[in-house]
Amino acid sequence: MFVSIHIPKTAGTSLSVILDYGSGRKIWYDYSELRLLQTDLQNAHQLQADKQQTLLAHKSFIENNFDFVHGHFYYAKYKDFFTDAKYITCVRKPIDRLVSHYYHLLDEADENYWLYQEIKSGNLDLADMAKISGIGDMQSQYLKGRDIKDYDFVFITEKLPDSVYHFQLLFNFERNDEFMNLPGAQSMPRSNIQGAKATERAIILPSVIEKAQQELRADNELYQKALEKFIIQGGQAQDIISTRSGNSNEF
């Protein structure tokens, strides 16, 4: 079984479609704590621990009937629960993820969410948002407790077609979705397109983006390590291709 950690705004929705249909719909979605993870880190950790106890009686059923657990949750939620699972995730260039998150808040326009209220009122810009624990370092927070290089597989948003292909080879995973035979980027499901609900928005000034970028130290470091892992995974995938090619030449 795979535990797939979907960090917001990292193409996790597109990836979920691939995992869903490739597993024959044997995927359990866990999106129960997203808002709490963004607003109250201490209570979020406690809530995740409490939910583990609720799930304990159903642990064997989940493991026997699902190939993937996928959703918005921290690595810590299941690391001591699904101990035999393979842990995977998808990461994105931090400043691009933050900008996408910022615009998503504007598009969603949730008047009950304090972060949207602060942005809408002009009290908070992208650089301020980058300083908020759990937002500017969201990828690090979600994956905390395990070095990114020790995850069983890491997809890269900017290299998603190649990442998915490597995953298919390394884990003998067969896609079965309607996008699978399309070329390149078109083969990635587009079920959550940025701007589909777009509201009128001002362009973020380059100076503000640069200030925000400087606040993303933890996630920038994590992303660089993820890129190194992507290269390693690609090499492993190439070894499989070479081995298969060599075996086919014997006949």
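The values are calculated or read from the model by the stated rules, or taken from the named source; none is laboratory data. None of the values given here were measured: they were computed from a predicted structure. For neighbour counting, all protein chains shown are included, and Cβ atoms are generated from backbone atoms with ideal geometry for every residue, glycine included. Note: areas computed on protein heavy atoms with side chains; ligands, DNA, RNA excluded. Shrake-Rupley method; radii C 1.70, N 1.55, O 1.52, S 1.80 Å.
Mind checking which residues of the stretch 198-232 are of a type in the set (D, E, K, R), at pLDDT 95 or above and open to solvent by 60 Å² or more (accessible area, probe 1.4 Å)?
Hits for the stretch 198-232 are GLU210, LYS211, GLU215, ARG217, GLU221, LYS225, GLU228.
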Please note which helices (runs of 4 or more DSSP H) are completely contained in the stretch 132-235 and include at least 2 residues that are small (Gly, Ala, Ser). 206-214
The condition of being farther than 20 Å from GLY136 by Cβ and either at pLDDT 95 or above or charged (D, E, K, R) (or both) holds, among GLY184, GLY235, GLY195, only for GLY235
Matching residues, the stretch 55-90, being in contact (Cβ under 8 Å) with a residue 24 or more places away in the chain and among the basic types (Lys, Arg): LYS77, LYS79, LYS86
Test: residue in the stretch 46-60 that is out of contact with any helix residue (DSSP H, G or I) (no Cβ under 8 Å at 6 or more places or on another chain) and modelled with pLDDT of 95 or more: no
Within the stretch 1-15, can you find the residues that are open to solvent by 20 Å² or more (accessible area, probe 1.4 Å) and touching a Cys at 6+ places or on another chain (Cβ under 7 Å)? ALA11
Long-range neighbours under 7 Å by Cβ, at least six apart or interchain, first residue under 15 Å from MET129 (Cα atoms) within the stretch 209-228, second open to solvent by 100 Å² or more (accessible area, probe 1.4 Å) and not in a helix (DSSP H, G or I): GLU215/LYS131
Residues of the stretch 138-157 that turn out to be within 30 Å of GLY184 (Cα to Cα) and open to solvent by less than 40 Å² (accessible area, probe 1.4 Å), as a count: 12
So, ASN181, is that one over 27 Å from GLU215 (Cβ atoms), out of contact with any Gly (no Cβ under 6 Å at 6 or more places or on another chain) and open to solvent by 50 Å² or more (accessible area, probe 1.4 Å) or not? yes
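For the condition under 19 Å from ILE241 (Cβ atoms) and touching a residue at least 60 places away in the same chain (Cβ under 8 Å), what is the one hit in LEU126, LEU143, LEU169? I'd like the intermediate steps shown before the answer.
On the way: LEU126 fails: under 19 Å from ILE241 (Cβ atoms); LEU143 fails: under 19 Å from ILE241 (Cβ atoms).
Among LEU126, LEU143, LEU169, only LEU169 is under 19 Å from ILE241 (Cβ atoms) and touching a residue at least 60 places away in the same chain (Cβ under 8 Å).
This table checks each residue for (1) in contact with a Gly (Cβ under 8 Å, 6 or more places away or on another chain); (2) at pLDDT 95 or above; (3) among the aromatic types (Phe, Trp, Tyr).
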site	(1), (2), (3)
LEU98	yes, yes, no
HIS104	no, no, no
ASN112	no, no, no
TYR116	no, no, yes
SER140	no, yes, no
PHE153	no, yes, yes
LYS159	no, yes, no
VAL164	no, yes, no
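Restricted to the stretch 63-112, and to residues that are assigned to a strand (DSSP E or B) and not β-branched (Val, Ile, Thr), which residue is farthest from HIS6 (Cα to Cα)? Full working, then the answer.
Kept after step one, since they are assigned to a strand (DSSP E or B), are these residues of the stretch 63-112: 68-71, 86-91.
Those still in the list that are not β-branched (Val, Ile, Thr) too: 68, 70-71, 86-87, 90.
Working: PHE68: 12, HIS70: 7, GLY71: 5, LYS86: 14, TYR87: 11, CYS90: 7 Å.
So the residue we want is LYS86.
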Just wondering, is there one or more residues in the stretch 158-169 that are β-branched (Val, Ile, Thr) and either open to solvent by less than 10 Å² (accessible area, probe 1.4 Å) or more than 15 Å from ASP219 (Cα to Cα) (or both)? yes
